[in-house]
Structures are given as C-alpha cells and as structure tokens.
Amino acid sequence: LRVLQFIDNTFTNVKAQGGNSYQRSLVKLWSVKEGEEVECIRTLSGNQGDVYSVHFHPDQNNVVTGGFDKMLRLYDVHTGTLKKTFTGHLSAISKAVCSPLGNLIVTGSKDGTIKFWDIISGVSLKTISSHLGEVTSVQINASGTLLLSSSKDNSNRLWDLRTGKSIKRFVGHQNTSKNFLGCGFGPNELTIVGGSEEGVIHIWDMSSTKLIQKLKGHQGIVYNAVWNQHQFVLASCSADGTVKTWWYDESSPLFFHPRKKG
C-alpha cells in the first residue's frame, strides 16, 4: 500500500487517505476519536490509478479527489456516493482544493495548468497556463482571495483569485524533477513556506518575495512544509523518511528547530 496523501476533517474527527494498493486505487475515510480505536468507516471507489490528492469540502459532507486518471471527483462523505466528475485536464491532477465558500474547486496538474471549477455545474470556469512546468501543488488562503501554486519551473506563484493574474513570484529553491513538491502560507499569511529538492525548507516574506530563511535538518528532498496556525508550529516531510516540527519565534519572523536538552 502506498499512501500518497492524508488529510483531516477537524469538525467531525474523520480523516481521508488517498493512495494505491495492488493496482486498485483507494480513498479511505477513517473515524479518529479520542479514546476510541481508529476505524475505517468507508472506502471510496471509482478512481483509475494513483490518487494524488484528497480534500474535504468546507461543508464537511463532501470530499474531492484527483490523481493519475486526470479526473476530479466529488464524493458524499456519509454515503460514499460519487456525486460528480470534472474532466478537462490533459494529464494527472497533482492537487485539488476547495475555496473557503465551497463554490469553487481549484486543481493543479502535470499538464502545466491550473483550473477553476464551478462545483455545481462541473464546468471549468478558467484555466491558467502561465507556469512553464508541471504544477505540483495549489493552496487557497483563509479568506479565499489568494491562490498559491508550485511548479517544476522552479517557482512558487501567488495569484489574485478574483482576476486570475499572477501578482508575486517566489524563487531560490529547486523544483524541477520530483513530483508533488509543495508550498503554503506561513504565520498569519505573512510568509510563504515550501519544500525543495536540495533538502532545505525555504521561507519567503510574502510582501517583498525576499527569501528570509532556510531551515536545514533533513537529509533528503523536502516535499512539503505545512503551517498550523492554531498550534503555531511548522511541520515538514522529507524523502529521508522523517517528519520534523519547527517552532515559531513570535519576536522575529523566523523559525527554529527545538534543541535537545543537555
């Protein structure tokens, strides 16, 4: 079994996992409640090939998936029913996310495009083709006004969701050959954090796009770094098989790795 993505539904203690098992694509929903045994409550079928992305809809009742077969799917969490399919990408979907209002789904693909989908009609409303390489991740900010994307053209880009125009570009990291390198919004959405093929976490100032810090510690490719605004901690995952946590120093816009006592 290969687990390619794991995401949680905070409000209902349900987790979603996407991957591939013996040529049979799987999306599993898990019940994770404190004091109770973790239980798989549902398996979603229909995907053909590896599932690269799973994401809960803001209403917590639906989940969207995307992967190798180029198709975006919307499932009912409670029944496991496939409610809608979205077609249009020419290559695998690397990432799919819902807007905070839940009316829009944004996908990044290996075909080098970013697509905006109307969740009701299933129609592709807009396609962005500005990246010069495969799009490896997309993320929407909390207010739903900004989109962040990563690409194998060695850039992370910030987009105005209302106009679809690129407004910032973040460079200095390496993303040319490995799948699914990602980036995201940092503390209070004032910084951008992201992985890199040279095994270093990069942190940029969002306003100036200046690279302000590199976090070293991993011994392999850093695929992603994710900021938790509630716990004020950054978590990173790497090809070295480790997950590291980095604490935020509120007195300066820098992270530091916890030191071992003694």
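The residues listed here are GLY133, GLY67; of these, the one that is surrounded by 18 or more Cβ atoms within 10 Å (Cβ to Cβ), closer than 26 Å to SER155 by Cβ and modelled with pLDDT under 95 is GLY67. Residue count for segment 223-260, restricted to those that are within 23 Å of GLU198 (Cα to Cα) and modelled with pLDDT of 80 or more: 21.
Taken over segment 155-166, the criterion of being in contact (Cβ under 8 Å) with a residue 12 or more places away in the chain, open to solvent by 50 Å² or more (accessible area, probe 1.4 Å) and either among the β-branched types (Val, Ile, Thr) or not in a strand (DSSP E or B) (or both) is satisfied by ARG162 alone. If I ask for residues that are outside any strand (DSSP E or B), over 18 Å from SER166 (Cβ atoms) and open to solvent by 10 Å² or more (accessible area, probe 1.4 Å), which ones from segment 199-220 would you list? VAL200, LYS216, GLY217, HIS218, GLN219, GLY220, listed by residue number.
Quick grid of which residues meet (1) touching a strand residue (DSSP E or B) at 6+ places or on another chain (Cβ under 7 Å); (2) modelled with pLDDT under 95; (3) farther than 18 Å from LEU148 by Cβ; (4) crowded, with 20+ Cβ neighbours inside 10 Å:
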| site | (1), (2), (3), (4) |
| --- | --- |
| THR43 | yes, yes, yes, no |
| GLY49 | yes, yes, yes, no |
| PHE56 | yes, yes, yes, yes |
| LEU74 | yes, no, yes, yes |
| HIS78 | no, yes, yes, no |
| THR85 | yes, no, yes, no |
| SER91 | yes, no, yes, no |
| ALA96 | yes, no, no, yes |
| THR107 | yes, no, no, yes |
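Evaluating SER196 against the criteria (1) open to solvent by less than 50 Å² (accessible area, probe 1.4 Å); (2) touching a His at 6+ places or on another chain (Cβ under 7 Å); (3) farther than 25 Å from PHE68 by Cβ leaves one unmet condition, (3). Checked against the criteria, ALA142 counts as within 15 Å of the chain's Cα centre (by Cα) and either part of a loop (DSSP other than H, G, I, E, B) or in contact (Cβ under 8 Å) with a residue 60 or more places away in the chain (or both).
Residues in segment 243-255 that are open to solvent by 50 Å² or more (accessible area, probe 1.4 Å) and not in a strand (DSSP E or B): 3 in all. Evaluation of HIS230 against the conditions (1) without any contact (Cβ under 8 Å) to a residue 40 or more places away in the chain; (2) part of a loop (DSSP other than H, G, I, E, B); (3) farther than 29 Å from SER166 by Cα; (4) not hydroxyl-bearing (Ser, Thr, Tyr) shows that the sole unmet condition is (3). Could we say that LYS178 is touching a strand residue (DSSP E or B) at 6+ places or on another chain (Cβ under 7 Å) and either of a type in the set (Val, Ile, Thr) or surrounded by fewer than 20 Cβ atoms within 10 Å (Cβ to Cβ) (or both) here? No.
The values are calculated or read from the model by the stated rules, or taken from the named source; none is laboratory data. None of the values given here were measured: they were computed from a predicted structure. Cβ atoms come from the backbone with ideal geometry, glycine included; neighbour counts cover every protein chain shown. Ligands, DNA and RNA are stripped out before the accessible areas are found, and what is left, the full protein with its side chains, is counted by its heavy atoms. Shrake-Rupley method; radii C 1.70, N 1.55, O 1.52, S 1.80 Å.
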